[in-house]
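The values are calculated or read from the model by the stated rules, or taken from the named source; none is laboratory data. Everything numeric here is computed off the predicted structure, so don't read it as measured data. Every residue, glycine as well, gets a Cβ built from its backbone with ideal geometry; the counts of neighbours run over all protein chains shown.
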Ligand SMILES: [Zn+2]
């Protein structure tokens with residue numbers, strides 16, 4: 001590795017912090033190359049190796065935005081996006097046949113020393129990873145979330161395309177065209193089943209509600225066995241026993257993960273300032289404490305499910321992180337890092353990332369679509385995040401969420417085969433690019449046989 005040539009990336013002087021961030025994420029973090037960033041009097045980014053006259057020139061798109069248009073509508077890509085056909089180029093080995101171009105052009109040119117790429121791979125990747133458009137476009141849904149339909153990539157039918165990974169592969173093929181001896185870091189696929197613990201036990205508190213719900217099990221879900229279990233579980237709870245509750249699927253989740261050699265992550269609510277919408281359990285409940293110990297003993301992960309009103313509240317985020325840390329310490333649970341996911345995926349750019357960082361969390365895993373499935377940040381790779389307002393990289397890392405049960409089953413409207421195929425396709429895409437397939441499946445969505453089957457098939461049953 002020491003003998004691998006160091007690349008010098010000459011960048012224009014504008015947007016220095018943003019350029020350095022994206023160069024380091026793409027070339028160092030993702031490709032594992034040695035890189036020096038040098039600010040130069042150039043109009044496009046140029047990559048060179050000392051003592052070698054070959055160059056790779058990358059078009060300047062997003063970062064050629066005039067300062068007064070930065071973070072405004074004028075700097076956003078507009079559809080329909082041009083497609084860079086890769087077939088008859090030196091990049092034909094790319095996994096995609098054609099690349100949608102967010103910034104730049106489909107042009108390319110090559111002579112004895114220089115390869116020029118019209119696609120602005122760095123600007124496009126920066127735009128997606130930093131969630132640039134979410135700071136520009138004001139659309140919000142009923143939970144004040146950025147709706148999928150406000151994403152240019154979703155509108156272009158690209159929700160399930162990890163464009164950052166696709167740009168990364170193009171960049172790599174271009175680098176290899178110029179310097180065939182370069183070698184990259186091997187990215188390894190992983191699958192993280194994750195579980196936001198909103199309702200560890202069924203929410204129904206009165207017999208009337210239990211019976212109404214049980215009727216729904218029979219009529220809507222054609223699942224009388226669940227109706228019976230629901231009533232038995234309720235009676236057991238009245239007698240002080242909660243293990244029979246229909247939502248208590250935690251051991252089944254861990255069994256399934258362990259069967260496939262996977263490690264589940266469970267995110268727990270540690271503050272209920274918003275009341276009923278924040279679930280109905282306490283981390284001081286002995287049943288919950290026993291569950292935490294069991295999750296840890298079996299080798300799975302525990303994280304924070306930051307409550308409904310935390311997205312813009314650093315103090316509440318910190319309070320909840322401290323509460324969870326205190327509980328874990330009291331239970332003798334030590335983990336190499338502590339991550340979180342926002343309840344309802346309520347996430348605001350860049351305050352929520354900043355809150356998580358300031359609260360002492362190591363990673364966030366919220367950035368996924370609430371109303372469709374796919375790659376909201378354009379990638380399946382974990383990455384260090386950038387604060388667009390303070391213009392600096394944070395220590396916090398983002399593990400993008402790729403698919404959530406609620407969005408898949410309720411919004412995408414998929415039946416069993418469709419849901420299974422969608423998840424298999426997303427998983428295969430993450431595998432192709434050596435990323436992480438982060439799937440969110442609530443413990444309360446494993447009650448009916450049909451939901452359970454979709455989940456366990458996604459795991460590989
Ligand atoms: Zn939640």
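Kindly establish whether residue 295 is in the same structural domain as residue 342 (by TED's automatic domain parsing), on the phi < 0 side of the Ramachandran plot, within 16 Å of the ligand (Cβ to nearest atom) and surrounded by 15 or more Cβ atoms within 10 Å (Cβ to Cβ).
no
Tell me yes or no: at least one residue of region 211-225 is over 30 Å from residue 259 (Cα atoms), modelled with pLDDT of 95 or more, away from the ligand (no atom under 16 Å from the Cβ) and exposed (fewer than 15 other Cβ atoms within 10 Å of the Cβ).
no
Across region 256-274, what is the total count of residues that are part of a loop (DSSP other than H, G, I, E, B) and away from the ligand (no atom under 16 Å from the Cβ)?
4
A quick yes/no check of all residues on (1) within 16 Å of the ligand (Cβ to nearest atom); (2) in a loop (DSSP other than H, G, I, E, B); (3) in contact with a helix residue (DSSP H, G or I) (Cβ under 9 Å, 6 or more places away or on another chain):
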position: 281; (1), (2), (3): yes, yes, yes
position: 299; (1), (2), (3): no, yes, yes
position: 304; (1), (2), (3): yes, no, yes
position: 316; (1), (2), (3): yes, no, yes
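Kindly provide the set of residues from region 171-201 that are in a loop (DSSP other than H, G, I, E, B), crowded, with 21+ Cβ neighbours inside 10 Å and over 23 Å from the mean Cα position of the chain (by Cα), ordered by number.
Once the filter is applied, which keeps residues that are in a loop (DSSP other than H, G, I, E, B), crowded, with 21+ Cβ neighbours inside 10 Å and over 23 Å from the mean Cα position of the chain (by Cα), region 171-201 yields 200, 201.
With within 16 Å of the ligand (Cβ to nearest atom), under 19 Å from residue 133 (Cα atoms) and at pLDDT 95 or above as the only criterion, which of 374, 368, 339 stands out?
368
Among what's in region 283-292 and is surrounded by fewer than 17 Cβ atoms within 10 Å (Cβ to Cβ) and assigned to a loop (DSSP other than H, G, I, E, B), pick the residue that is nearest to the ligand (Cβ to nearest atom).
Within region 283-292, the match that is nearest to the ligand (Cβ to nearest atom) is 285.
Report, by residue number, each residue of region 356-369 that is out of contact with any strand residue (DSSP E or B) (no Cβ under 7 Å at 6 or more places or on another chain) and crowded, with 23+ Cβ neighbours inside 10 Å.
359, 369, listed by residue number.
Can you pull out the residues in region 400-451 that are under 17 Å from residue 221 (Cβ atoms), away from the ligand (no atom under 16 Å from the Cβ) and without any contact (Cβ under 8 Å) to a residue 60 or more places away in the chain?
The answer is 413, 414, 415, 416, 419, 451.
Which of the strands (runs of 3 or more DSSP E) found entirely inside region 57-170 contain at least 2 residues meeting this: crowded, with 21+ Cβ neighbours inside 10 Å?
Result: 98-101, 114-119.
Picking from 253, 277, which residue would you name as being under 33 Å from the mean Cα position of the chain (by Cα), within 15 Å of the ligand (Cβ to nearest atom) and in a helix (DSSP H, G or I)?
Numbers: 253 fails: within 15 Å of the ligand (Cβ to nearest atom).
Going through 253, 277 in turn, just one is under 33 Å from the mean Cα position of the chain (by Cα), within 15 Å of the ligand (Cβ to nearest atom) and in a helix (DSSP H, G or I): 277.
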